[in-house]
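Encoded as C-alpha cells, the structure appears first; notes follow it.
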Amino acid sequence: MKIKIHSFYLTVIAFSCAIVFSSFARNELQKEKFVLPYKQAGLTEKQAAAHLLSRFTYGAKEGDIDVVLKTGLEKWVEQQLDGNLDDATLNQQLSKYDAINLSNTEVENVFPRNAQVIRFAVKDGYIHKDSVNQANNKEYRATLTAYMKEKGYKPQQELYRQLINQKILRAVYSNNQLKELMTDFWFNHFNVSLSKNQCASYVPAYERDVIRPNVFGKFETLLLSTAKSPAMLMYLDNFSSSGNNVTMPVATNDMMMDKPGQRKNRPVQLAIQKARVQNQQNNKKTGLNENYAREVMELHTLGVDGGYTQSDVTQAARILTGWTIAPMSDNGYGAPMKKVLERIGDENLSKRGFVHDGDFLFAMNRHDNGEKVVLGKKFAAGGGYEEGVELLEMLAHHKSTAKFISKKLAIRFVSDNPPQSLIDKMAKTFLSSKGDIKSVMMTMVSAPEFWSANALREKTKSPFELAISAVRSLDAKVNQPYQLYTWINKMGQQMYYYQAPTGFPDRGQYWINTGSLLNRMNFGLALASQRIPGVTFNLAAMNENHEPESAEAALVIYSKLIMPERKLEETIARLKPMLNDPNLENNVAKAAEKTAPPQQMNTMANEDANMMEEGANKLKGKKALVNAAPQQKAGTNTMLAQVVGVIIGSPEFQRK
C-alpha cells in the first residue's frame, strides 16, 4: 500500500513538473518569437536603437542609444511595454505638486468653481448678492480672495497648472517613456477638455486613475473606465441623459429600513422623495442625450465607417441612460444628495438596481428599461446597469474596433499612412488577444513594416513632442515646466484644451506650415540661448568642454550629438547659411510673431505668456550665457547657442 501511495505522489509530482516545464517552454518560445526584424530592413543595431528611441520615447538623451544596446533591443522594448522601471528622479520632481494626487471629491472641496465660491461667500455674508457682477472691482476681488484663503479654497487655475506641470515633467524625466507616450495617445483618443468648465476639475484624476494605469491592458477595461469617469460623463453630457423607467419606485420599504422592524428617519425618506421630484423635472428638461453614444461608436470604438446607423446610436443612448456622477462635494451642489446616498448605503441601493462605484452612479430611476436593439443585438426589456456594460464589451471586441484602433496606433507610432498589411496584422492580434493592447504593440514593433524605409523619420513632432525632445536632447534640467508650456502653446498646441472630442490630429500636415516652422525655429533659438526661464543645461559639456573651431564645425558636431544615427549631410548644407547672421534671432522672432498660429488660450495662458516674454527680455544679454563654461568666451557661446538653436529649429529635427 505504501508503495502504491508513493508511486501516486511521484506521478503527481511528475505531472506537475511537466506542466511547469511545458509552461516555461511555451513562455521561452514566445520570447524567441519576439525578434525585431531591423536587419531585414538593412539597419544596423545602432540605427535600430535610434529608431526605437524616436518612436517609443519623447526623444533620445545623450547615452540612450548605448543603454538600449547594452540592455538588448528586444528586452528594452519589453521593459517599456511593462512600464515598471524605477522613476525615483521623476517622483522627487512631482513631490512638490500636492494637487495632482487629490481625489475628485477632494478637488471639489478644495478647488470650487468660481460660481460656487461666490455663492458660498454670499451665503456666509462676505459679499452682498447684489454685488456679484462687480468682477472688475478691486475691492470685490480682494474680498473674495480673503474669503477663499480663510476657508482653505484654492483657485482652479492652480489645479490646471499642476496638471500641466506634471505632464511636462513626466515626459522629460520618466524612464517609462512609452507609458507616457501611450498615456498621451489614449487621453487624446478618449479626449476631454479643460475648456468645458463642467468637466475640467475631473481631468487630473481622469488621466491619473482612468488612462495611465490602463494603457497596456485590455481595451475593454479602458473603454468601460472612461465611460464611467466623471470627466467623460460631463464632457459628452451623458451624466444628464435620462429615459422613461416605467416600473422603478425611488423609495420602498426595504430601502427605508435601518434594521428589521426599524424605519429610517422621516427626513431621509422626504429627501429621497424630493430627489425623485427633482429628477422628474430634470428629465423633462434634458431627456435622452445622444452625444456620448455617437462618439463612443464613431471615435472610441467602431470608427466613422464601422457599420452602425443612426438608429444604433439612439438605441445605444437609451441603454446608457442613468449613467451619471455620484455626488462628491461636501458643500457644493450635490451635497444634500450625497448625504442621502450615504445614509441609504450601497447595499440598499443595489437592491433597487442602483450601482454606486466610486465617483460613478447608475441611477436606475433615470434608466430607459424598455427593449433596445444595437448592431442587430437585442437587449431585453427590464435591463439595468449590466446592459450598458454588455454594450461597451460588444463594441470593444467588434471587428471594426480592432481595425480602427490598430490603424490609430499605427498612425501614431509608424507613419501617417501606415500600410494595410500592418493594420491587418495588428487587428488580428487585437481580436485573438481580446483587445490586449500590449500584444497589439508587440505585433506592431515585430512587423517588418515598422522598420521599413517608408517609416524611418516619417512622423512629424507635435509642438509638445518638439519641446520635450529638445529638452531631453540637451539633457536639460526643468525647474519651471510651465514656462515650456507657454512656448508649446505659442507653437499651436494648448495641451488639455483641445475642444473637439476627436483630440489633436495625429498627422504632420496639421502641425507644419510656414508660420509653425518659424515659431519652431524661434523656440529653438530661445531655448538654446537659455531665454526660457527655469530650463538650464550646459552646451559645452555635451562636447566634453571642447570648443569647436568654428560655427561650421559646431554645426557638424552638435548635429550628430542631437540627431544621432542620421544622414545629416543635406541638413548641414542647408543650415550653414544661417550660422553667421547676427540678426537671425530677432528676425525669426519678428517673423514668427506675424505668422503666429491660431490659439485657444484662456486668460491664465495669456497672463503666463506675458510673464514669459517679460522674463525672456530680462534674460537677454549676459544672463543668456549662464550655461557657458568659465574658460569659454562669451562670443563663442553666443555662436554655439545660435548653432544649437538652428539645429533644433531645423526641419530634420522636426522628424521622428
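The values are calculated or read from the model by the stated rules, or taken from the named source; none is laboratory data. What you see is a predicted model, and the numbers here were worked out from it, not measured in a lab. Because the Cβ atoms are built from the backbone with ideal geometry, glycine has one as well, and the counts that use them run over all protein chains shown.
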Requested in this report: Could you grab me the full set of residues in region 560-582 that are in a loop (DSSP other than H, G, I, E, B) and buried (at least 16 other Cβ atoms within 10 Å of the Cβ)?
Outcome: 563, 564, 565, 566, 568, 579
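Which of the following residues is more than 20 Å from residue 464 (Cβ to Cβ) and surrounded by 19 or more Cβ atoms within 10 Å (Cβ to Cβ): 222, 163, 194?
Working: 163 fails: more than 20 Å from residue 464 (Cβ to Cβ); 194 fails: more than 20 Å from residue 464 (Cβ to Cβ).
Of 222, 163, 194, the one residue that is more than 20 Å from residue 464 (Cβ to Cβ) and surrounded by 19 or more Cβ atoms within 10 Å (Cβ to Cβ) is 222.
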Query raised in the report: What number of residues within region 542-565 satisfy the criterion of being within 23 Å of residue 47 (Cα to Cα) and without any contact (Cβ under 8 Å) to a residue 24 or more places away in the chain?
Result: 4
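Before we move on, is residue 152 within 22 Å of residue 407 (Cβ to Cβ) and surrounded by fewer than 17 Cβ atoms within 10 Å (Cβ to Cβ)? Break it down stepwise before answering.
Numbers: within 22 Å of residue 407 (Cβ to Cβ): no; surrounded by fewer than 17 Cβ atoms within 10 Å (Cβ to Cβ): yes.
For residue 152, the condition - within 22 Å of residue 407 (Cβ to Cβ) and surrounded by fewer than 17 Cβ atoms within 10 Å (Cβ to Cβ) - is not met.
Looking at region 479-488, is at least one residue free of Cβ contacts under 8 Å to residues at least 40 places away in the same chain, within 20 Å of the chain's Cα centre (by Cα) and within 23 Å of residue 535 (Cβ to Cβ)? Before the answer, list the steps.
So in region 479-488, the residues free of Cβ contacts under 8 Å to residues at least 40 places away in the same chain come out as 488.
If we keep only those that are within 20 Å of the chain's Cα centre (by Cα) too, we end up with 488.
When the remaining residues are screened for being within 23 Å of residue 535 (Cβ to Cβ), the result is 488.
Scanning region 479-488 turns up at least one residue that is free of Cβ contacts under 8 Å to residues at least 40 places away in the same chain, within 20 Å of the chain's Cα centre (by Cα) and within 23 Å of residue 535 (Cβ to Cβ).
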Query raised in the report: Name the pairs whose Cβ atoms lie under 8 Å apart, with the first residue in region 235-247 and within 14 Å of residue 291 (Cβ to Cβ), the second hydroxyl-bearing (Ser, Thr, Tyr) and part of a loop (DSSP other than H, G, I, E, B), and 6 or more positions between them or separate chains?
Result: 235/193; 240/286; 241/286; 241/321; 242/286; 242/321
Query raised in the report: Taking residue 390, is it out of contact with any strand residue (DSSP E or B) (no Cβ under 6 Å at 6 or more places or on another chain), within 25 Å of residue 500 (Cβ to Cβ) and at pLDDT 95 or above?
Result: no
Query raised in the report: So which pairs qualify, if the first residue must be in region 438-457 and farther than 14 Å from residue 43 by Cβ, the second must be among the acidic types (Asp, Glu) and surrounded by fewer than 22 Cβ atoms within 10 Å (Cβ to Cβ), the Cβ gap must be under 9 Å, and the two must be at least 6 apart or on different chains?
Result: 438/82; 442/78
Query raised in the report: Which of (1) modelled with pLDDT under 95; (2) touching a Phe, Trp or Tyr at 6+ places or on another chain (Cβ under 8 Å) does residue 458 not meet, given it meets every other one?
Result: (2)
Query raised in the report: Which condition does residue 339 not pass, out of (1) under 30 Å from residue 110 (Cα atoms); (2) part of a loop (DSSP other than H, G, I, E, B), if it passes all the others?
Result: (2)
Report summary line: For region 566-595, the count of residues that are of a type in the set (S, T, N, Q) and touching a residue at least 60 places away in the same chain (Cβ under 8 Å) equals 2
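Does residue 74 meet the test of being at pLDDT below 95 and either surrounded by fewer than 19 Cβ atoms within 10 Å (Cβ to Cβ) or closer than 27 Å to residue 469 by Cβ (or both)? Talk me through it step by step, then tell me what you get.
Values: at pLDDT below 95: no; either surrounded by fewer than 19 Cβ atoms within 10 Å (Cβ to Cβ) or closer than 27 Å to residue 469 by Cβ (or both): yes.
No.
Does residue 502 meet the test of being at pLDDT 95 or above, over 17 Å from the mean Cα position of the chain (by Cα) and among the β-branched types (Val, Ile, Thr)?
Numbers: at pLDDT 95 or above: yes; over 17 Å from the mean Cα position of the chain (by Cα): no; among the β-branched types (Val, Ile, Thr): yes.
Considered against the rule, which asks whether it is at pLDDT 95 or above, over 17 Å from the mean Cα position of the chain (by Cα) and among the β-branched types (Val, Ile, Thr), residue 502 comes out as no.
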